[in-house]
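The values are calculated or read from the model by the stated rules, or taken from the named source; none is laboratory data. The structure presented is a predicted model; accordingly, all values stated were derived computationally and were not measured. Counting neighbours? That spans all protein chains shown, and the Cβs are built from the backbone with ideal geometry, glycine included. Please note that ligands, DNA and RNA were not included when accessible areas were found on the heavy atoms of the full protein model with its side chains. Shrake-Rupley method; radii C 1.70, N 1.55, O 1.52, S 1.80 Å.
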Amino acid sequence: MVDFDLTKELLPGLPAYDGGRMSDGIYNAGDGFYDTRVIAGNPDEIPFFCDGAEMTEAEFNDAVSALDRAGIGYHYQYAKGGIGLRIHHQRRLINVQYCGGRIHANFVDDDDPSVRTPVYVRAVTETDEAAFRAYLAAVRTVGYQTVFEHAIEGNLIAELTGNGHLLHAVYTPGDGTARFGCDAVSEGIDTFGYQTEPKPGQTEIYQFGLYYSVMRVGFTCDCGMCYLIKLSDNALFFVDGGHYSQATEAATKDLWDLMHKITGTPMGEKIRIAGYFCTHAHNDHMDMFSHLVRLYHEEMTVERVMFNFVADEVTPICPEAFLLINRIRQYYPAVRFRKLHMGDAFSLADARFEVLQTHEDSIGAAGNEIIGGFNDTSTVLKVTFDGHSFLILGDIDNRAEDLLLRHYSAKTLHVDIVQCAHHVFNKLDRLYDVIDADWALVPQGERVRTNHDAPKYDVIARTVPYDHFLFSNQFTDGLRVNAASGEIAHHYHEPQVGGVYDGTPL
């Protein structure tokens, strides 16, 4: 953590804030596009198993029992020709296969402990717009320059450059709080996007069909989500990606074929991904993309990557997140990165993207508050195209719901298409009424209409018509705006491909 006098400076090199109460501490909002996981001990240790070792079945079972006794996390997973284990140890992923009396053990991920400065955020409570604007003026007198300004309803957002980093500043009148983050890891939001001439009816949203079942870890999954936005210039905006157990050989090939089909890119020509966005650091929201990068990195370009993962030392994130980070850095070293913040706004082609919320927005008087459960750390993104809008909620729960409703009204939250949060496991009883969507994209099976999650589905169904729910367990579906009528049309509907995990390595 940075060391400075909290009473004399807001953040290092920044003057104290007059006209409000500076928080008691500062918040480590996490890192950027590098591996900074907290590893205790030897990161290259494979416990109780050695690659190439010969074992009897009894010895193998004894080694698994030793894992249990040592408190090392593992689960069984499908393995062709033998028994498979997936071990989480020292914040790393290890695959173990026992086949033909021999052990095959390897790390799934890379350990690349790059050291960079995290994004530090500090809050000022009991403040107002006049004091916030006065502070920005004071910051400019010590060498900072404003490069971006934005407003969403009464929420004011500014980004300034100076002292070798970006200063992201937000004022939210709903709670009388200003938040300031020193970001040395991101590209400035003012240069992050690009814009093309409007092409009505050319932007399309796809919910990729994933195989859902009862959660049997290592074999099947009851969550995961994967979305594609085909931009009007035929580039793709890729959102999340399913669990590794859903990323079977058949399913991944189906996704690759879909990417070619919707962009009209012939096989052999490179797919252009203008942006990859991950809502939060749970692996059912990233594994499919990691798998895709491993298999097809030479056949596609990735221009931008964006997320705002919580700091590993604040609340541990899944090791698969570091696999994702290191794999993209390996294959796309020049990729442009943005750690998204509230109020970020940019265009890709003729679609507009606005960040409504991240986990940073819960920081208050103590300075180290965390938004809630891990799912509440999801970044909420609004996409506007052809006069319509799509809201990506990730896995948010009630604490994030509270913040959204504190900061925004229906003017901002009402959209035409909503991604249903957390696979309809959460009951966002107030938020969906304000969103008042006409279409619901559900990263889950249709069973939520009738099973124990039906009360959560019923909340969404108060505004969304029955036949405007699209479930991703049976089909891949696409929506676009009819250029003639201006209405949203359900134009794509193809069966989901893939099933139970087939042992395909991530």
TODO: Using R₀ = 51 Å, calculate the FRET efficiency as 1/(1 + (r/R₀)^6) where r is the Cβ-Cβ separation of Glu59 and Asp24; round to 0.05.
DONE: 0.40
- [ ] Give the distance, in whole Å, between the Cα centre of the range 117-178 and the Cα centre of the range 87-109.
- [x] 47 Å
TODO: Run the numbers on the range 1-152 and let me know its relative contact order in percent, using alpha-carbon pairs under 8 Å that are six or more apart.
DONE: 32 percent
- [ ] For the range 86-147, build the charge dipole from Cβ charges (+1 Lys, Arg; -1 Asp, Glu) around the Cα centre, then report which of Ala130, Pro118, Gly101 sits farthest towards its positive end.
- [x] Gly101
Open item on the list: Could you sort the peptides 52-58, 88-94 by per-residue average Cβ neighbour count (10 Å cutoff), highest mean leading?
Closed with: 88-94, 52-58
- [ ] Using Cα centres only, tell me the gap between the range 255-326 and the range 34-56 in whole Å.
- [x] 26 Å
Open item on the list: Based on alpha-carbon atoms only, what is the radius of gyration of the range 108-214 relative to the globular estimate 2.2 N^0.38 Å?
Closed with: 1.48
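Quick check on the range 1-55: take the gyration tensor over C-alpha atoms, sort the square-rooted eigenvalues as a ≥ b ≥ c, and tell me if it's rounded (a/c under 1.5), prolate or oblate.
Note, shape of the range 1-55 comes out prolate.
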- [ ] Would you calculate a helix-derived [θ] at 222 nm for the chain, using -39,500 (n - 2.57) for each DSSP H run of n ≥ 4 and dividing by the full residue count, to the nearest 500?
- [x] -5500 deg cm²/dmol
TODO: Could you please put Tyr78, Tyr17 in sequence from largest to smallest accessible area, using a 1.4 Å probe?
DONE: Tyr78, Tyr17
Open item on the list: Leaving out ligands, DNA and RNA, and with a 1.4 Å probe, what % of the accessible surface on the range 100-140 is carbon or sulfur?
Closed with: 47 percent
